[in-house]
Amino acid sequence: MKKAATGSGPVIIKKYANRRLYNTETSSYITLDHLAVMTREGRDFKVVDAKTDEDITHNVLTQIIMEEEARGTSMLPVNFLRQLISLYGDSMQAMVPGYLEASMDSFRRNQEQFKSAVEGAFANSPFAEIAKRNMAMFEAAAEAFKPGAVPGAPATPAPPTAEGGDDVSALKAELARLQDKIEKLGK
């Protein structure tokens with residue numbers, strides 16, 4: 001899929017009565033999976049009903065989430081869904097979308113800060129290469145929890161080998177320290 005030029009606005013996707021989706025940018029029919037990929041890539045799009053020109057983007061994005069959840073890539077815990085449903089019709093309903101959006105933005109920023117902190121902690125140290133490999137494994141694990149991840153796909157590099165026993169002990173100690181930090185961040 002080609003990228004839209006900066007500032008050209010969202011890609012218009014037309015949804016026809018037969019439930020087919022038509023990408024006006026590429027002049028081709030696409031699937032919900034294509035829209036999920038576009039979303040992950042940060043592509044802006046708008047889905048409109050081909051007959052009425054009504055904006056149905058919200059409905060289509062909800063449908064994508066439902067299909068992802070049905071595939072077994074559950075990200076939304078049952079308790080969260082119950083709480084969300086209970087807020088419909090509540091006096092606080094109008095505040096929920098803004099709160100959820102701000103929470104997700106904060107989550108993404110924290111994820112990036114954590115990644116930068118881990119990378120920076122090992123710069124110019126003998127553990128820099130090991131840290132890079134560990135970071136790659138961490139990123140692969142994080143990818144496994146993202147929608148659309150392929151279960152069982154190889155994602156982690158082989159662990160590094162150490163020549164001396166002291167290196168192994170040092171690595172074990174460093175790994176234990178990092179695990180403690182991760183546990184503290186998770187609390």
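The values are calculated or read from the model by the stated rules, or taken from the named source; none is laboratory data. From a predicted model like this one, the values you see are computed outputs, not experimental measurements. Glycine gets a Cβ as well: all are built from the backbone with ideal geometry, and neighbour counts include every protein chain shown. Side chains are part of the model used for accessible areas, which takes the heavy atoms of the whole protein and leaves out ligands, DNA and RNA. Shrake-Rupley method; radii C 1.70, N 1.55, O 1.52, S 1.80 Å.
So the values come out like this:
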read-out: One residue from GLU54, GLU67 being more than 18 Å from the chain's Cα centre (by Cα) and open to solvent by 60 Å² or more (accessible area, probe 1.4 Å); value: GLU54
read-out: When residues of the range 46-93 are limited to those that are part of a loop (DSSP other than H, G, I, E, B) and of a type in the set (Val, Ile, Thr), the one nearest to GLU143 (Cα to Cα); value: THR73
read-out: Tally, over the range 70-85, of residues that are open to solvent by 70 Å² or more (accessible area, probe 1.4 Å) and within 19 Å of LEU35 (Cβ to Cβ); value: 3
read-out: Criterion violated by MET92 - all others in (1) under 19 Å from the mean Cα position of the chain (by Cα); (2) farther than 22 Å from ASN18 by Cα satisfied; value: (1)
